[in-house]
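Reviewing the structure listed below.
The values are calculated or read from the model by the stated rules, or taken from the named source; none is laboratory data. Computed from a predicted model, the values in this text were never measured in an experiment. Cβ: placed from backbone, ideal geometry, glycine included. Neighbour counts: every protein chain shown.
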Amino acid sequence: MLISPDEINKSMSNYDWKYENKKISKSYSFKTYINGIEFVQKISELAEKNNHHPDIYIGWCNVDISITSHDIGGVTTNCVNLATGIDHIFEKHIKK
């Protein structure tokens, strides 16, 4: 079930996720390129476990994440749960 834009903004704004074009997105910065790759690897494991997969762009010491439900065409509770899981990975395993 889709979540309203107001509900998305209320629940995700404290975590720096932005809602736009029926998706939530966030950028993460790293000290090294390899740190970004390690982050993406951990995200891929979480995504497979939850069968919900973000769009990921890997740049030099930067990773951009976008999440939407491709089946439903917008943001769902699964999207929000994945976003918070990604933040948890960053805070616990990557950010130093």
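Odds and ends about this structure:
- Residue list for region 12-45, restricted to those being part of a loop (DSSP other than H, G, I, E, B) and in contact (Cβ under 8 Å) with a residue 24 or more places away in the chain: 17, 22, 30, 31, 32
- Candidate set: region 67-96, residues that are surrounded by fewer than 18 Cβ atoms within 10 Å (Cβ to Cβ) and small (Gly, Ala, Ser); chosen: the one nearest to the chain's Cα centre (by Cα): 85
- Only residues that are part of a helix (DSSP H, G or I) and closer than 18 Å to residue 16 by Cβ were counted in region 46-92, giving 14.
- Candidates 55, 64, 71, filtered to the one that is charged (D, E, K, R) and closer than 17 Å to residue 15 by Cβ: 64
- Criterion (at pLDDT 95 or above, surrounded by 11 or more Cβ atoms within 10 Å (Cβ to Cβ) and over 18 Å from residue 92 (Cβ atoms)) met by exactly one of 24, 37: 24
- For region 1-15, taking the residues that are surrounded by 11 or more Cβ atoms within 10 Å (Cβ to Cβ) and under 19 Å from residue 90 (Cβ atoms), the one that is modelled with the highest pLDDT is identified as 15.
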